[in-house]
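Notes follow once the structure below has been shown.
The values are calculated or read from the model by the stated rules, or taken from the named source; none is laboratory data. Since the model is a prediction, treat every value here as computed from it, not as a measurement. Here the Cβ positions follow ideal geometry from the backbone for every residue, glycine too, while neighbour counts run over all protein chains shown. Just the protein is used for accessible areas: all its heavy atoms, side chains included, with ligands, DNA and RNA removed. Shrake-Rupley method; radii C 1.70, N 1.55, O 1.52, S 1.80 Å.
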Amino acid sequence: MVNFSKGKGYSKKDIVESGTPFMRYGNLYTDFEIEITDIKETVEEKPKSVKSKGGEILVPSSGETPSEIARASTLLKKDVIIGGDINILTVKNNNVLPTFLALDLNTNRNSKELSKYAVGNSVVHIYNKDLHRLKIYLPDIETQKKIIRIWRTLDKLLTLHKRKLKIIDETIHELREQLFSTKYIAGKKVKSEKMKLNDFLEEVIEHSNKENQYPLLSSTNNGIETRSGRVSGSSNIGYKILRKNQLVLSPQNLWLGNININRDFEVGIVSPSYKVFDIKNIKIIYLENILKTERMKYNFDKISIQGASVVRRNLDMKEFLNLEVRVTQKNEQEKLVKTFVQLRNIKFSLRSKIKILEKLKILYLDKMFI
């Protein structure tokens, strides 16, 4: 059905601004796509380089984890140099389509089977001899085309929603920077005054008193999410309680933007190292967007002192509460809050659709390749 070969030579150090398109093994899992049409990196071509003819199936032969490299991509572009640490499968006859084969290799059944063959400790490897063992579901060509066509429709729809989500994120970011870094809104000067965070925030220290009293939450740079396990130790008794509409921040990671307002969970528990605050005298969503601006992130960086770790820094809480922000009158806050609520609702809807489509793609593959 296929011929097996390997990529040859080249590494990240060989990448140049202008040269021959180059597929590096790391891109097969960091920028994973089942169909590869866009090549971002280039190298200066060396003698005896391995170049694509279009339609090769690529499987990374090394990586950090078995699940990371137990995947396959179809390289649709011609004359691309294929670097080392890549297993290459080239279809020999017309009874199988390359994209169909890649789809089959990416089903849960084959992906789990392939991950069993990965060997190694800090770096794991999969060899072409292991790929020989996999059993492939092979219907007629017309059925293969139908399966590919349906998968591409789902994939295009997913890509479209991800692009929309990116645009919404960029819109929110730009709007924040414009609204909270100037005295003007839409070219019109508005009345505002400088106030300190201390005027809005009041620290709350409320600890859990029994195991798993509330759902375990984690504050990240991208928001608040549920988590499993423990931050440390074997018990979550004594964790801090976080209630709806309270602000939570990580003193060690505030400089990275780890500050959030809990607007999605009625109550939860968070790491004892976090700081929790009640919010007063300001619209919650209005404050939330001020705190997410690049200007505030810059201020957080300035008042965080380097600790033992490169990533973790120690926040000066007194300096934090003394940070000044520009606050408009209540009626202007209301207008801005409505705008941000609308954008947030669109963002939430897109994320929900993306999750559904991602699950649908996985379900589709597993049902079609029984």
Item to check | Under 5 Å, built H, 5+ apart or other chain: amide partners of Ile86 | outcome: Gly7, Ser61
Checklist entry - Do the alpha carbons of any pairs in Lys53/Lys166; Lys46/Lys78; Lys196/Lys280; Lys6/Lys129; Lys13/Lys129 sit beyond 23 Å of each other, and which pairs? => result Lys53/Lys166; Lys13/Lys129
Checklist entry - Given springs between every Cα pair under 10 Å in a Gaussian network model of the chain, which of Leu134, Leu105, Leu254 has the largest fluctuation? => result Leu134
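Return the carbon/sulfur percentage of the accessible area of the range 222-370, one whole number, probe 1.4 Å, all protein chains in place.
52 percent
If a/c stays under 1.5 just call it rounded; otherwise compare a/b with b/c (prolate if a/b is bigger, oblate if not). Do that for the range 297-370, with a ≥ b ≥ c from the square roots of the Cα gyration tensor eigenvalues.
oblate
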Checklist entry - Taking springs between alpha-carbon atoms closer than 10 angstrom, which of Asn289, Asn95, Asn258 fluctuates most in the Gaussian network model of the chain? => result Asn95
Checklist entry - Scaled to the compact-protein estimate 2.2 N^0.38 Å, what is the alpha-carbon radius of gyration of the range 1-159, rounded to two decimal places? => result 1.01
Next on the checklist: Over the range 225-297, with the other protein chains present, what is the accessible area per residue in square angstrom, probe 1.4 angstrom?
Outcome noted: 39 Å²
Next on the checklist: Starting from 0.36 nm per residue, how many nanometres of slack lie between Ser228 and Glu44 once their C-alpha separation is accounted for?
Outcome noted: 61.5 nm
Next on the checklist: Using a 7 Å offset from Cα along Cα-Cβ at Lys129, what residues in the range 1-40 end up with backbone N under 17 Å from the label point?
Outcome noted: 4-6
Next on the checklist: Calculate the FRET efficiency for Gln342 and Asp199 from the Cβ-Cβ distance with a Förster distance of 35 Å, rounded to the nearest 0.05.
Outcome noted: 0.80
Next on the checklist: Run the helix sum for the chain: -39,500 (n - 2.57) per DSSP H stretch of 4+ residues, divided by residue count, reported at 222 nm to the nearest 500 deg cm²/dmol.
Outcome noted: -11000 deg cm²/dmol
Checklist outcome for this item: Residues whose modelled amide H sits under 5 Å from the amide H of Glu206, counting only those 5 or more places away in sequence or on another chain, are Ile241
Checklist entry - Taking square-rooted eigenvalues a ≥ b ≥ c of the alpha carbon gyration tensor, is the range 68-135 rounded, prolate or oblate, where a/c under 1.5 means rounded and, failing that, a/b exceeding b/c means prolate? => result oblate
Item to check | Accessible surface, the range 64-109, averaged per residue in Å² (probe 1.4 Å) | outcome: 37 Å²
Checklist entry - To two decimal places, what compactness ratio does the chain give when its Cα radius of gyration is scaled by 2.2 N^0.38 Å? => result 1.25
Checklist entry - So how do His132, His207 rank on accessible area, 1.4 Å probe, biggest first, that is with the largest at the start? => result His132, His207
